[in-house]
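We did not get these values from a lab; they are worked out from the coordinates using the rules stated. None of the values given here were measured: they were computed from a predicted structure. Positions of Cβ are generated from backbone atoms using ideal geometry, with glycine treated the same way; all protein chains shown enter the neighbour counts.
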Amino acid sequence: MSDQNITPKETTTPTQVSPLRCITGAIISSGLAYTLYSLMIAIATNFASKPLHSQNELVIKISSAVRTLVVGIVALGSGIFGIVAIGLIALAVQLLIQQLSAKPKSN
């Protein structure tokens, strides 16, 4: 009657944060930021090269809002990935400073 969904407990070992992992993440994040930035420029150029052909004021306002939202969302994604890349580089520098300033243990 009381079938319990028993799943084995997964033991996860926490991964150590290292400067190499931070730099790798920063490279990936900056690549995505640059890709989204290039996409944003392409979208904005495409929208600018194709003006609206309508006499209806409501259509012009709605399409202008949609175009702004599309470019804005892609710009937001690009900005977020850029900030993440900067943060990961700062973390890598902080970890390097901590590792260099740590006193070696002598027996």
Compute the long axis of helix 19-49 from its Cα atoms, compare it with the longest principal axis of the Cα atoms of the chain, and write down the angle in degrees, 0 to 90, nearest 10. 0 degrees
Treat each spin label as a single point 7 Å out from the Cα along the C-beta direction, and report the T15 to A90 distance in nm. 2.2 nm
